[in-house]
1. Going by average Cβ neighbours within 10 Å, how do the peptides 37-48, 97-108 rank, with the highest at the top?
2. Is the shape of the range 67-152 rounded, prolate or oblate, going by the alpha carbon gyration tensor and its root eigenvalues a ≥ b ≥ c, with a/c under 1.5 for rounded and a/b larger than b/c for prolate?
3. At 7 Å along the Cα-to-beta-carbon direction for both residue 98 and residue 133, put a label point, then send me their distance in nm to one decimal.
4. Out of all Cα-Cα pairs in the range 105-152, roughly what percent, to the nearest whole number, are more than 16 Å apart?
5. Want the number for residue 77 to residue 121: 0.36 nm per residue separation, take away the alpha-carbon distance, what's left?
6. Between residue 142 and residue 31, with labels modelled 7 Å along Cα→Cβ, what's the label distance in nm to one decimal, could you check?
């Protein structure tokens, strides 16, 4: 049960990242591709957690069928502030592997993360990305089935 709440909390972070102050923070375009073991992955929720003085709360994006992702700070505001980010990743599904139906609350169904838990924890995720002042259209988030956690 504790693990479920941790997943729900991280999903909430991904959805609420940048909920306030979006208009006051300068953003740059940030798009890219999410791969798992070298292949594009559909439905991966990517959360960007700010590091080293980045303004705001970060950003998030959901990969499509070709692995493409567009990062935003709110549902209405595309782009993220330039800077360095820790990258978190999750792919939530129903227990049978099917997509979670739209408008389904995590507390109402049993869902699971199909990616390694290493990627959903800011203390262990080895992934980082730097978004330049000019923005980036070629970000690649490369996930592997059996990652090594980041040394603490």
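1. 37-48, 97-108
2. Oblate, because a/c is 1.5 or more while a/b does not exceed b/c.
3. Reported label-point gap for residue 98 and residue 133 is 5.1 nm.
4. 56
5. Extra length available between residue 77 and residue 121 comes to 13.3 nm.
6. 2.2
Every number here is computed from the coordinates shown, using simple stated rules; none is lab data. Just so we're clear, the structure is a prediction, and the values are computed from it rather than from any experiment. All Cβ positions, even for glycine, are placed from backbone atoms using ideal geometry, and neighbour counts span all protein chains on display.
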